[in-house]
Amino acid sequence: MDLVWELLIILLKIVVVVLLFAFPIGSLMTLLGDRKQSSLIQNRIGPNRARLPGINHPLVGIPHFLADGLKMIFKEDIIPRQANRFWHTLAPAISLFPAIALWAVIPFSDHYCTGTATMVDYRDVCVDGAFYNLFSISNLEAGLLYVFAISAVSVYGAAIAGWASNSKFSLLGGLRSSAQMISYEVTMGLSLAGILIIYGTLNLNEMVVVQGQLLWDWLPMWGIVVQPLAFFLFLAAMMAETKRAPFDVPEGESEIVAGYFTEFSSMKFAVIQLSEYVATVFVGSLVSTVFLGGWQVPWLYGDGFYFGNTDEPSIPLPYWLVIVLRVGSFSIKTLFILWLQFMLRWTLPRFRYDQIMTLGWKILLPLSLANLVITAFVVLVLL
Amino acid sequence: MIDYVAILMLGLVGVAMCATVVALSVLFGPRNPSRWKGTAYESGSEPFGDARIRLDVKYYMIAISFIMFDVEAVFLLPWAVVAKDYGAYGFVVAMVFVTILVVGLVYEWQKGGLEWD
């Protein structure tokens, strides 16, 4: 295919993934998850005043998200006098950049097959055609390493925001968040080592393809089935990485006001908030990609459902319906992990800072090392 | 190659998006600075001293431990990807490596390097 065409397709994919998936879900979650779900749990009504023009219905508070964005634009952007103006202005961009860049490697469905898709050995094969990467922005071979690298960059956003404001609350928030994020990054990397041993690839789409394999001809080999401990370790580490409750001491309201974004106002504040929510949605999509089978629907392959060890599909389906089912399956899993994160916020009390450090270094790190050793040993014995 | 171009394009879209929204607020937002608006927030009282104070050594300890164990992870991940091909030999080598690091972790733990209080 010629280059201009390919670049156009990439641009289209970026628009669809970022503007139609990550951002709307991220910002809707601000509302539905953080405000409406919170209000339901606390037995109050929550946002219900804003209306869309012409519709006299609160629409579960969705217009509030538009109203908030609009309001932020018309607010004064205050930079404290002692602050470092350059870094204070750049900090929101530095926190939003990794949250967006991470989406590059998430596969929303299998590569598109230009010929006829069918199944051999529990994975799609393409007859009379080739696979073409249409459902992830970039089919990077080192996909998971890219995720680690970029999520490490997100430490800078909070640290710089805290330092540049030159306020004591901001500095404390920035310090806390950087210390917490680097502590949990170790667990994040090591807990996935077991997954890498089993799947033997760093490419996220290939990883999802391997999860379509069946154990004993009926159980899909999803990450949560073969690595249940790693699932919990990774989810905890990722929640600490995105500073979600119960790990939200960097912005603990009762102690240090708003933490590292105390001195931010107007659209800069909105950008920092938005980057946190987009990162939260990303956690949902990464956990479902690695541990919940990503776009896999159990027993569904290129041309339909296969029940039992058969060569012909038990329920044949057209290829477009398979793709729709797969994208839908991925979205539902992502939303499920999101819902779980918001429920955990109101279920668990906030940890103390020393408890967070103890959990990270003395519990999760040894557990992820043990998980790695045991996985390597079991794989060695079974081979 | 096209995969890296895609990442570059996504990055540019991200930067452009930040620039647009912040520029919007600069364009449309009001601008009346005052003496008290420009002070750092310190619960309503007048801020005293500079915020860039000396920090607790605990944060440096965490940073050093992080370097150690994250480098460990960097060395372990490539082995993990090809662990099946390397079989018993790779397993033994990796376990020697992990053992050395576990000894390091235990030592740091015993010395109190992981204590927050």
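Details
- Qualifying residue in the stretch B:37-57 (condition: touching a residue at least 40 places away in the same chain (Cβ under 8 Å) and over 30 Å from B:PHE91 (Cβ atoms)): no
- Selection count, the stretch B:21-52, where residues are more than 7 Å from chain A (Cβ to nearest Cβ), surrounded by 10 or more Cβ atoms within 10 Å (Cβ to Cβ) and either under 17 Å from A:ALA101 (Cβ atoms) or of a type in the set (A, V, I, L, M) (or both): 1
- Residue in the stretch A:305-316 that is among the β-branched types (Val, Ile, Thr) and in contact with a Leu (Cβ under 6 Å, 6 or more places away or on another chain) present: no
- Pick from the stretch A:172-184, criterion facing another protein chain (nearest Cβ under 7 Å) and surrounded by 24 or more Cβ atoms within 10 Å (Cβ to Cβ), ranking: nearest to B:LEU77 (Cα to Cα): A:SER183
- One residue stands out in the stretch A:223-234 among those that are out of contact with any Phe, Trp or Tyr (no Cβ under 8 Å at 6 or more places or on another chain) and touching a residue at least 24 places away in the same chain (Cβ under 8 Å): the one that is nearest to A:ILE150 (Cα to Cα), namely A:LEU233.
- Residue count for the stretch B:73-99 under the criterion of being assigned to a helix (DSSP H, G or I) and either within 8 Å of chain A (Cβ to nearest Cβ) or among the charged types (D, E, K, R) (or both): the result is 15.
- Test result for B:VAL22, at pLDDT below 80 and farther than 30 Å from A:ASN139 by Cα: yes
- For beta carbons closer than 7 Å, sequence separation of 6+ or different chains, a first residue in the stretch A:81-100 that is within 9 Å of chain B (Cβ to nearest Cβ) and part of a helix (DSSP H, G or I) and a second that is surrounded by 22 or more Cβ atoms within 10 Å (Cβ to Cβ) and of a type in the set (D, E, K, R), the qualifying pairs are A:PRO92/A:LYS268.
- Some residue of the stretch B:100-109 being among the charged types (D, E, K, R) and either outside any loop (DSSP other than H, G, I, E, B) or more than 9 Å from chain A (Cβ to nearest Cβ) (or both): yes
- Residue list for the stretch A:101-141, restricted to those being away from chain B (no Cβ under 13 Å) and under 30 Å from A:VAL153 (Cβ atoms): A:PHE108, A:SER109, A:ASP110
The values are calculated or read from the model by the stated rules, or taken from the named source; none is laboratory data. No experiment lies behind these values; they were computed from the predicted model shown. We place every Cβ from the backbone using ideal geometry, glycine too, and count neighbours over all the protein chains shown.
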